[in-house]
Amino acid sequence: MHASLWFFTLLPVAWGLQIPMVDSEATAGAGTWSYENCGTEIDAFQPKSIEVSPALLTPGATHNITIKGTATEEIAEGAYAEAVLKLGMIKLISKTFDICQVFRERNTTVQCPIQRGEFELVDQFELPKEVPPGKFVGSIQGYSASDDEILCAKFTVDFTSRIPRAEL
Ligand SMILES: *[C@@H]1O[C@H](CO)[C@@H](O)[C@H](O)[C@H]1NC(C)=O
Ligand SMILES: *[C@@H]1O[C@H](CO)[C@@H](O)[C@H](O)[C@H]1NC(C)=O
């Protein structure tokens, strides 16, 4: 689950948005996703847009993700996030991780300390080849080293219907 977990860590960076990436009955449940803000206007991460390609999350496929937004305050070393991922009512993952360390390990375009101002975070992630059908529900809350909230998001990824396999 490691690669997909990284993806879930990215979603909340764009907490200000709630975008059904593909709005079509034909594709409902086939990897559609959305998210909602549970943070506040004073959180340090204020995202503007998120793009994922391919737009439908596809098991076994590599996806590109681009997140644009604004940091209203510098994000320094020590920032951390608490993430929970559930499949239905079943808790799959409950994890605390170091945001700056993940950015370093991933060599993302945004690195700590994240300066005030516009940012554009670009990365790739790969979903596992096998994803159980169902609706994944997650939440993530980020905090500065001094425990101020910097982001909060809830999200769903809907794999309830049969899903296409990526050609490998
Ligand atoms: C991801 O980005 C790379 C580099 O820009 C590009 O070559 C590739 O086609 C992209 N993949 C998708 C699925 O958009
Ligand atoms: C990290 O990414 C930059 C470009 O964004 C690249 O120049 C550099 O070689 C990468 N470093 C590693 C260790 O992959």
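The values are calculated or read from the model by the stated rules, or taken from the named source; none is laboratory data. What you see is a predicted model, and the numbers here were worked out from it, not measured in a lab. Because the Cβ atoms are built from the backbone with ideal geometry, glycine has one as well, and the counts that use them run over all protein chains shown.
Values computed for the structure shown
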{"read-out": "Odd one out for LEU10 among (1) modelled with pLDDT under 85; (2) more than 13 Å from GLY142 (Cβ to Cβ); (3) aliphatic (A, V, I, L, M); (4) within 16 Å of ligand 1 (Cβ to nearest atom)", "value": "(2)"}
{"read-out": "Verdict on PHE103 being surrounded by 19 or more Cβ atoms within 10 Å (Cβ to Cβ), without any contact (Cβ under 8 Å) to a residue 24 or more places away in the chain and among the hydrophobic types (A, V, I, L, M, F, W, C)", "value": "yes"}
{"read-out": "Matching residues in the range 57-89 - criterion: being of a type in the set (A, V, I, L, M, F, W, C) and within 30 Å of ILE42 (Cβ to Cβ)", "value": "ILE65, ILE67, ALA71, ILE75, ALA76, ALA79, ALA81, ALA83, VAL84, LEU85"}
{"read-out": "Residue count for the range 50-102, restricted to those that are within 16 Å of ligand 1 (Cβ to nearest atom) and not in a strand (DSSP E or B)", "value": "8"}
{"read-out": "Identity of the residue in the range 100-121, among the hydrophobic types (A, V, I, L, M, F, W, C) and in contact with a helix residue (DSSP H, G or I) (Cβ under 8 Å, 6 or more places away or on another chain), that ends up farthest from GLY69 (Cα to Cα)", "value": "VAL102"}
{"read-out": "Test: GLU118 is within 21 Å of ALA44 (Cα to Cα), under 13 Å from the mean Cα position of the chain (by Cα) and loosely packed, with under 15 Cβ neighbours inside 10 Å", "value": "no"}
{"read-out": "Count of the range 142-151 residues which are modelled with pLDDT of 90 or more and buried (at least 21 other Cβ atoms within 10 Å of the Cβ)", "value": "2"}
{"read-out": "Residues within the range 32-48 that are more than 16 Å from ligand 1 (Cβ to nearest atom) and either free of Cβ contacts under 8 Å to residues at least 40 places away in the same chain or outside any loop (DSSP other than H, G, I, E, B) (or both), tallied", "value": "11"}
{"read-out": "Residue tally, condition surrounded by fewer than 19 Cβ atoms within 10 Å (Cβ to Cβ) and either among the hydroxyl-bearing types (Ser, Thr, Tyr) or outside any strand (DSSP E or B) (or both), over the range 121-138", "value": "5"}
{"read-out": "Residues within the range 56-74 that are under 16 Å from LEU121 (Cα atoms) and of a type in the set (D, E, K, R), tallied", "value": "2"}
